[in-house]
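The values are calculated or read from the model by the stated rules, or taken from the named source; none is laboratory data. Please read these numbers as outputs of a predicted model, since none were measured by experiment. Please note: Cβ atoms are built from the backbone with ideal geometry, for glycine as well, and neighbour counts cover all protein chains shown.
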Amino acid sequence: MQDNSYAIYQVKDGQDYHLLRFASMDELRRDGQRLRRDVHKVLDAAESTVFPDKAAAEQFLRDEGFLVIHNDDPQMITVRNMTKQEAILYLSIGDGCCWLEGCDTRNVDQTVKPENYELVYSASLPPTDVRDQAAVLESLYARFNLDRPEDFHGHSLSVSDVIALKQNGRLSCYYTDSFGFQKLPDFIPPANALRNAEMAMEDDLNMIDGIINNGPKEEKTLKASDAPEHLPRPKHRNDPER
């Protein structure tokens with residue numbers, strides 16, 4: 001695959017995703033910590049509680065304020081918070097009844113999940129010093145706020161957006177935070193990211209060749225030096241454009 005490409009991912013549209021949009025990494029981490037704490041708290045509270053079946057255990061969790069997600073496994077209950085982080089509670093079954101025995105809250109540590117995002121744009125990187133990732137990210141941030149490409153139909157780059165970079169044979173993904181960018185090591189499998197971006201966004205379907213948009217459209221060049229030293233990350237919660 002051709003190096004020096006990028007892709008931009010933004011939170012999916014819809015009411016189900018509204019709390020993810022413009023959320024800082026700190027906010028997501030706090031939500032995950034709260035979910036972990038609440039799961040352990042309810043396990044302690046239900047230590048001596050016996051349920052007639054899984055459905056009764058699920059209702060108990062709903063009464064405790066959890067959002068219960070369907071899980072086909074008869075010995076697992078999935079709960080989710082409002083920012084779509086999930087935990088698993090385990091049931092033990094015996095003598096016609098069941099009880100909550102333990103949990104797995106490791107998934108709340110992956111605060112940014114690719115299934116909550118959609119690809120909105122991809123292109124080749126402008127000629128710049130590809131070794132300086134901070135400058136590349138800042139230049140992209142500046143461009144998608146101050147001088148957006150005509151064929152870009154997402155919202156201005158802001159908090160919660162993810163930028164994938166392919167540079168020097170390596171893929172890296174970054175979360176746009178309130179200040180700066182947070183690296184996301186597990187957001188996209190390296191083998192799939194920008195090829196999927198190319199297949200989704202390429203202008204010319206005959207040009208699926210590892211070079212994004214190398215057909216009819218031309219990319220305006222933006223140098224890293226064109227970007228201001230720092231731009232604040234607008235949350236734009238009331239921006240009518242969104």
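In the set (1) under 30 Å from ALA56 (Cβ atoms); (2) at pLDDT below 95; (3) surrounded by fewer than 16 Cβ atoms within 10 Å (Cβ to Cβ); (4) not acidic (Asp, Glu), the condition left unmet by PRO127 is number (1).
Among the residues of the range 66-88, those identified as under 11 Å from LEU35 (Cβ atoms) and either in a loop (DSSP other than H, G, I, E, B) or in the same structural domain as LYS12 (by TED's automatic domain parsing) (or both) are PHE66, ASN81, MET82, THR83, LYS84, GLN85. Would a scan of the range 105-123 turn up a residue that is more than 28 Å from VAL11 (Cβ to Cβ), of a type in the set (D, E, K, R) and assigned to a helix (DSSP H, G or I)? The answer is no, given that none of the residues of the range 105-123 is more than 28 Å from VAL11 (Cβ to Cβ), of a type in the set (D, E, K, R) and assigned to a helix (DSSP H, G or I). In the set ASP186, ASP132, ASP147, ASP161, only one residue is among the acidic types (Asp, Glu) and buried (at least 18 other Cβ atoms within 10 Å of the Cβ); that residue is ASP161.
Let's see how each residue does on (1) more than 30 Å from LEU43 (Cβ to Cβ); (2) touching a helix residue (DSSP H, G or I) at 6+ places or on another chain (Cβ under 9 Å); (3) in a loop (DSSP other than H, G, I, E, B); (4) modelled with pLDDT under 95:
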{"position": "TYR90", "(1), (2), (3), (4)": "no, no, no, no"}
{"position": "CYS98", "(1), (2), (3), (4)": "no, yes, no, no"}
{"position": "LEU137", "(1), (2), (3), (4)": "yes, no, no, yes"}
{"position": "LEU165", "(1), (2), (3), (4)": "yes, yes, no, yes"}
{"position": "TYR175", "(1), (2), (3), (4)": "yes, yes, no, no"}
{"position": "PHE179", "(1), (2), (3), (4)": "yes, no, yes, yes"}
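Residues that are in contact (Cβ under 8 Å) with a residue 12 or more places away in the chain and surrounded by fewer than 12 Cβ atoms within 10 Å (Cβ to Cβ) were ranked within the range 50-67; the one that is farthest from TRP99 (Cα to Cα) is GLY65.
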